[in-house]
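Here is the structure we will look at.
The values are calculated or read from the model by the stated rules, or taken from the named source; none is laboratory data. Predicted model only: the values in this text are computed from it and were never measured. When we count neighbours, we look across all protein chains shown, and the Cβ atoms used for this are built from the backbone with ideal geometry, even at glycine. Just the protein is used for accessible areas: all its heavy atoms, side chains included, with ligands, DNA and RNA removed. Shrake-Rupley method; radii C 1.70, N 1.55, O 1.52, S 1.80 Å.
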2 protein chains.
Amino acid sequence: MVAGIEAGGTKFVVGVAKATVLPTARTVIPTTRPAETLAAVTDWLREQGPIRAVGIASFGPVELDPASPRWGHITETPKPGWNDCDLAGIVGEALGVPVGFDTDVNGAALAEFVYGAGKGMRSLVYVTVGTGIGGGLVVDGRILSGAGHPEMGHFYPRRSAKDWNFIGACPYHGDCLEGLISGPAIQRRWGARLSDLPDDHQAHGIVADYLAQLCHTIFALTATETIVLGGGVMATTGLLDRVRSRANAIGGCYFPGRARQTIVAPQLGSAAGLVGAIELGRRAVK
Amino acid sequence: MVAGIEAGGTKFVVGVAKATVLPTARTVIPTTRPAETLAAVTDWLREQGPIRAVGIASFGPVELDPASPRWGHITETPKPGWNDCDLAGIVGEALGVPVGFDTDVNGAALAEFVYGAGKGMRSLVYVTVGTGIGGGLVVDGRILSGAGHPEMGHFYPRRSAKDWNFIGACPYHGDCLEGLISGPAIQRRWGARLSDLPDDHQAHGIVADYLAQLCHTIFALTATETIVLGGGVMATTGLLDRVRSRANAIGGCYFPGRARQTIVAPQLGSAAGLVGAIELGRRAVK
C-alpha cells in the first residue's frame, strides 16, 4: 500500500492506494499549525495499515534539490508556522518509510501525464489557474526541475488594449499573469468570479488573451505536446475554447509540431492532486 | 572516430574527433544545392578514415520525432532545394553509419552543457541571438523536445515604452523577439549592427530589455539553472551585463532557485556547433 498527501494551504487531502494509484481510502484534514496537522495526517495513515512509501505534493515554495539539506522543506512562506517546515522529514520519520516530494502543481502534472490527459504522450504541461497560477512540465515521465521549480504564473503577458488601468495584484511583479488574472485578481478588479460575470463582459476576452499568451509562450519555449488548463477559473463556460482560438491566432501557424499540439481540460479534475501524490509515493518505493 | 556536421544555411562545418569531441580535423563547405553540398561533405568525411557514427546539428525547421517517417528531414524551408530534404538519411546512407540528429541550436546547447558553461550543472538553456533567435534546453544531459523543438525566438516581449514605432520583421508574428531584435531586425530599424551604434543609443537598452524578458520567462517556465546567451548580437560590448541587470529587476527576487540561476556567455564560442554535432554523433554510436 502506498500513501499520498496533497498538502494545501487550507487543507491536506490524504489517501492510500493498493495496486493502482486510485485511492482506496481518503480523508481531509484542515491546515492549522504544522505539528497538529502533520500529527493528524500521520495518525490517520497509520490506521490504514502498513504502507511502503508516501508521496507529498505540497504548496510552496519548496526545496526540491536532492543535494540540499533542506530538500523536502517548505521554504519562505508567510503562512504562520510553516516557514522552513521540514514536511518530508517529519512525515517520513513519523511513518518510517521513503518519501517522494514535489510541488502540488508538479504532482497534478504527473497525475495528468500518467493517468489523464497525457496518456500516450511524451510531454505535457499542466497549468492551474486559481488562487494562484502555476505550471509543471513532464517529459517522458520525468518532472522537469532546475535550480528550483517552474513559476509559470509569473510570466508577463502583453497587456490587452482594453486593459490598461489595473496595476496588478502580484506583490513581486505587479501585473504578471498571476497578478492580472488569478482568482483573487479577477475578484479584486471586477468584483466577481469570472464565471459570474455576464457573457459579454470584457473580462472573458482579456483573461482568454492572457492565458493564450501563456500557452503560446509555453509552446515556444518547451515545444510540449499538450497543455492542460485546470483550476477554478478554468471552470468558466467557454473559456477553454476562447483560449484555444486566441492561442491559434497568436501562434500564426508557425510551430513545427503544431499539428500535434493541443490545449485541453484536465481529465482527473480535483483528484489530480492526490493521484499525483500517490504516484510520487509509488516512485519512492525502494 | 566520430564525425560531426554543423549544417547551416550558408555553410556546412564538418569535422571528425577521436577520444574526445574536440575535432582533430575540420573543413568548411558552402551550402549550395543539397546533392552538391552533401556529396562534398560525405566525400571529405570518407577521406578522413573509418568513422563509427555521424552527428548532424542542422538549420531548421527539422523533424525530430523518432516515430515519424520524416525524422531527420529539413521540413518547410524557403531555401531552394532544401525543402523536405532527408539530411540524416542521405548522410547515413552515404557513410553507412548511425546518425544522431538535432537542431543547430540544440546541438550548441548540448555542447555548452557537456563541455562548456554547463559543466557540473543539471540544466542549461542556450540562446543564440543572431540572424535568427533560437534556444534549446538540456536537462540532466537530455535535450528537451516535445511535439517539435523549441522556437524561443517567437516569444512576444512587452514592447518598451521607447519602442512603439517598429512593427517587427517576423513574417509570422511581426513583433515577436526575433522580429524585434534579431541581427537583421536591428539592421533594418537602426541601420547598423548593434555593436556599431554609439554607447548612448537607445537600441542598447531596448535590446537588453527584450532579452531580459526572455531570460525571465525562461526561468519562470523552466526553472533552468543557467542561460547561455550566444550569437553575433551578443558580441556587443556591455550587452550581457545590461541583460543580467534588467533580468534581476524584472525577476523581483522571487524565483525559489534564484541563488543558483545565472546568465552567462558561451565558453565554446563558435566551436559549439561542431562540438555539439560530434557529441550527437558520439551518442549515436551503436
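For region B:175-286, what relative contact order do you get, as a whole percent, if you take Cα pairs closer than 8 Å and at least 6 residues apart? Numbers along the way, then the final one.
On the way: 85 pairs, mean separation 29.8, N = 112.
The normalised contact order for region B:175-286 reaches 27 percent.
Classify region B:1-147 as rounded, prolate or oblate, taking a ≥ b ≥ c as the square roots of the eigenvalues of its Cα gyration tensor: rounded when a/c is under 1.5, otherwise prolate if a/b is larger than b/c and oblate if not.
The shape class here is oblate.
Quick check: net charge around B:HIS154, other residues with Cβ under 13 Å of its Cβ, Lys/Arg +1 and Asp/Glu -1?
Working: positive: A:ARG258; negative: B:GLU151, B:ASP175, B:GLU178.
Local charge sum for B:HIS154: -2.
Kindly work out what percent of the DSSP beta bridges joining two residues of chain B are antiparallel, to the nearest 5.
Values: 24 of 43 bridges.
The antiparallel proportion sits near 55 percent.
By how many degrees, between 0 and 90 and to the nearest 10, does the Cα long axis of helix B:34-47 differ from the longest principal axis of chain B?
Its long axis makes an angle of about 60 degrees.
Please report the carbon-and-sulfur percent of the accessible area for chain B; probe 1.4 Å, protein heavy atoms only, DNA, RNA and ligands left out.
Numbers: 5870 of 11250 Å².
Roughly 52 percent, rounded to a whole number.
Where the only charges are on Cβ atoms (+1 Lys, Arg; -1 Asp, Glu), what is the dipole of region A:117-266 about its Cα centre, to the nearest 20 debye?
Working: 14 positive and 11 negative charges, 55 e Å.
The calculated dipole for region A:117-266 is roughly 260 debye.
Tilt of helix B:239-251 relative to the longest C-alpha principal axis of chain B, in degrees (0 to 90, nearest 10)?
It works out to around 60 degrees.
Could you tell me the relative contact order of region B:1-105? Use alpha-carbon pairs under 8 Å, at least six residues apart, and round to a whole percent.
Working: 210 pairs, mean separation 28.3, N = 105.
Answer for region B:1-105 is 27 percent.
In chain B, if the dipole is taken from +1 on Lys/Arg beta carbons and -1 on Asp/Glu beta carbons about the Cα centre, which of B:LEU95, B:GLY238, B:ALA203 is farthest to the positive end?
Sorting the options by dipole projection puts first B:GLY238.
Measuring from centroid to centroid over Cα atoms, what is the spacing of region B:160-231 and region A:47-74 in Å?
Spelled out, the Cα-based centre of one part sits 41 Å from the other.
Ranked from highest to lowest mean number of other Cβ atoms within 10 Å per residue, what is the order of the peptides A:160-168, A:217-225? Write out the running numbers ahead of the final one.
On the way: A:160-168: 13.0, A:217-225: 26.6.
Ranked from most to least packed, the peptides come out as A:217-225, A:160-168.
7 Å from Cα along Cα→Cβ at both B:LYS162 and B:ASP199: what's the point-to-point distance in nm?
1.5
Run the dipole for chain B about the Cα centre, Lys and Arg Cβ at +1, Asp and Glu Cβ at -1, nothing else charged, and hand back the magnitude in debye, nearest 20. Could the numbers behind the result be given before it?
Details: 25 positive and 25 negative charges, 123 e Å.
Approximately 580 debye in magnitude.
Let me check I've understood the local charge: for B:HIS216, count other residues with C-beta under 13 angstrom from its C-beta, Lys and Arg +1, Asp and Glu -1. What total comes out?
Working: positive: B:ARG158, B:ARG244, B:ARG246, B:ARG258; negative: A:GLU151, B:ASP209.
So the surrounding residues net to +2.
Within 10 Å, count the other beta carbons around each residue, average over each peptide in A:230-241, B:106-117, and list them highest first.
On the way: A:230-241: 17.8, B:106-117: 27.4.
Ranked from most to least packed, the peptides come out as B:106-117, A:230-241.
Can you tell me the orientation of helix B:272-284 relative to chain B, as the angle in degrees between its alpha-carbon axis and the longest Cα principal axis, to the nearest 10?
Tilt relative to chain B: about 50 degrees.
Shielding by partners for A:256-269, please: the mean number of other protein chain Cβ atoms within 10 Å of each residue's Cβ. Can you show the working numbers first?
Working: counts 14, 10, 2, 2, 5, 3, 1, 0, 0, 0, 0, 0, 0, 0.
Mean shielding count: 3.
Tell me what chain A gives for mean residue ellipticity at 222 nm when only DSSP H runs of n ≥ 4 count, each as -39,500 (n - 2.57), the sum divided by the residue total, rounded to 500 deg cm²/dmol. Walk me through the numbers before you get to the answer.
Numbers: 8 runs with 95 residues, N = 286.
It lands at -10500 deg cm²/dmol.
What is the sum of charges around B:ASP175, taking Lys and Arg as +1, Asp and Glu as -1, for the other residues whose C-beta is under 13 Å from the C-beta of B:ASP175?
Details: positive: A:ARG158, B:ARG158, B:ARG159, B:ARG188, B:ARG189; negative: B:ASP163, B:GLU178.
Result for the local shell: +3.
In peptide A:171-178, how many Cβ atoms from other protein chains are near each Cβ within 10 Å, on average? Mind showing how you got there, number by number?
Details: counts 2, 5, 6, 1, 1, 5, 1, 0.
Per-residue shielding by partner chains comes out at 3.
Please calculate how many Å² of accessible area the protein assembly as shown carries per residue, with a 1.4 Å probe and no DNA, RNA or ligand atoms counted.
Values: 22520 Å² over 572 residues.
Each residue of the protein assembly as shown exposes 39 Å² on average to a 1.4 Å probe.
Using unit Cβ charges (K, R positive; D, E negative) and no other charged atoms, how large, in debye to the nearest 20, is the dipole of region A:1-79 about its Cα centre?
Working: 8 positive and 7 negative charges, 42 e Å.
Approximately 200 debye in magnitude.
Which distance in nm do the two modelled labels at B:ARG283 and B:ALA19 give, with both placed 7 Å along the Cα-to-Cβ direction?
So the two model labels end up 2.4 nm from each other.
Positive end of the charge dipole of the protein assembly as shown (Lys, Arg +1 and Asp, Glu -1 on Cβ, about the Cα centre): tell me which of B:ALA39, B:ASN248, B:PRO50 has its Cα farthest that way.
Result: B:PRO50, furthest along the dipole toward the positive end.
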